[in-house]
Amino acid sequence: MNGSIKSRGMPLNGIMKQAEASMSNGQRHRQLTLIRVLRGILCLVTLLLTAFMMLIFLAPMTTLILRLFSVHYSRKATSFLFGIWLSLWPFLFEKINRTKVIFSGDVVPREERILLLANHRTEVDWMYLWDLALRKGCLGYIKYILKSSLRKLPIFGWGFHIFEFISVERKWEIDVPIMRKKLSAFKDPKDPLWLALFPEGTDYTEQKCLKSQQFAAENGLPILKNVLIPKTKGFCACLESLRNTLDAVYDVTIAYKHRCPLFTDNVFGVDPSEVHIHIQRIPLHEIPTSEEEAAAWLIERFRLKDQMLSDFTALGYFPHQVTEENLSTLVCLVKSLGVIGLTSLFMYLTLFSSIWYKVYVVFSFAYLTAVTYFDIMPSPVFSSVKSLFCSKKML
């Protein structure tokens, strides 16, 4: 191709425009080769197998046995053990796939309790928030508000449940009691919390954008090009329930260069070449307390986000880039080998050891399936008995 372009005498700016046009039409950053396919399949099988065995062997211990004594320590154990597994994903993105993750905006502190708002450009946005959370020591404490159908995914549905993600039907009449009940369980200030919310409610497409623009025009709202009009009720419910226990709200804007990736693009390492994450830390006192004013504040934030994404398209970067620590290759390898080694041990115990391990696996499978299907988490029975005993003694 380059030879034919050169023979026609096309100027350099013409070549650049042609390259930009091809990328905007969906050309992959890297070619999908047989090696990439095989490597991607190997990575995906490893991730699924390690997730399955760790959930089967460890989840009942952290989310059932330990939770009977303490919700706080149950969450800490779950965060630590399964946060190590989650760190395999940033390792895949940044070290194996060689995707550059570029941060800009505010340098945020570690281990804050925050509500995180992000645009939803594609189906894998939420995975790249793990790269930020890992650097801030909150990878195991990040929780998402996601559509309920995702809980039906094999293996991952179990993981979404033990991490206490909030599943919604995207019908407010159905979702409001579920959200309030779930949010009430996150008020303990001793528990680090990153509650991630995508206010658009769905990922961005041109067709959805046209519908959003029509709705905005009919209701006197800003006409947005790069994001959808945000749904405000979920945001207001989160603020109402958690305002007194949060440190800040993070307004996160995610952009890709040059093509929005699909899940398979991530697995095979063909896209994205760069992920740009812009963070603005907003103290709670700057956000209105009334629902109407908070809703207007959120819509204004998305108007600014839309402008920022337009500028990114023109410039290729967000302003005020900051330096975040790079992931240590050695630490990533140690964690990966630790997870793989643990998985190998669990597989050996299941296949070649005592019959009781097989019984435990069957019990664990049934337990995870049941609690995920019925969306329940065990309560700390012993503390309830103690409080009941104390109340009777006072009487």
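Could you check A294 against (1) modelled with pLDDT under 95; (2) farther than 23 Å from T313 by Cα; (3) in contact with a Pro (Cβ under 9 Å, 6 or more places away or on another chain); (4) of a type outside the set (S, T, N, Q) and say which number it fails?
Unmet condition: (1).
Filter segment 285-339 down to residues that are acidic (D, E) and under 30 Å from S87 (Cβ atoms) and give me whichever is surrounded by the fewest Cβ atoms within 10 Å (Cβ to Cβ).
Ranking the qualifying residues of segment 285-339, first place goes to E325.
Residues are listed down the side, and each one gets a yes or a no for (1) assigned to a helix (DSSP H, G or I); (2) within 22 Å of L246 (Cβ to Cβ); (3) under 13 Å from the mean Cα position of the chain (by Cα):
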{"site": "G137", "(1), (2), (3)": "no, yes, no"}
{"site": "Y144", "(1), (2), (3)": "no, yes, yes"}
{"site": "S149", "(1), (2), (3)": "yes, no, no"}
{"site": "P154", "(1), (2), (3)": "no, no, no"}
{"site": "I178", "(1), (2), (3)": "yes, yes, no"}
{"site": "K181", "(1), (2), (3)": "yes, yes, no"}
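Has segment 184-199 got any residue that is more than 29 Å from R303 (Cα to Cα), in contact (Cβ under 8 Å) with a residue 12 or more places away in the chain, out of contact with any helix residue (DSSP H, G or I) (no Cβ under 6 Å at 6 or more places or on another chain) and of a type in the set (F, W, Y)?
yes
Which residue is nearest to the chain's Cα centre (by Cα), if the candidates are limited to segment 196-227 and must be in a loop (DSSP other than H, G, I, E, B) and over 22 Å from V168 (Cα atoms)?
Among them, the one singled out is N226.
Within segment 212-224, which residues are over 10 Å from F302 (Cβ atoms), out of contact with any Leu (no Cβ under 8 Å at 6 or more places or on another chain) and not small (G, A, S)?
Q214, E218, N219, I223
Of everything in segment 22-41 that's at pLDDT below 65 and farther than 12 Å from D265 by Cα, which residue is surrounded by the fewest Cβ atoms within 10 Å (Cβ to Cβ)?
N25
Please go through segment 28-81 and give me each residue that is among the charged types (D, E, K, R) and touching a Phe, Trp or Tyr at 6+ places or on another chain (Cβ under 8 Å), ordered by number.
R36, R39, R75
Taking the conditions exactly as written (aromatic (F, W, Y), farther than 27 Å from M308 by Cα, out of contact with any Lys or Arg (no Cβ under 9 Å at 6 or more places or on another chain) and touching a residue at least 12 places away in the same chain (Cβ under 8 Å)), does F91 satisfy them or not?
In short, no.
The values are calculated or read from the model by the stated rules, or taken from the named source; none is laboratory data. Everything numeric here is computed off the predicted structure, so don't read it as measured data. Counting neighbours? That spans all protein chains shown, and the Cβs are built from the backbone with ideal geometry, glycine included.
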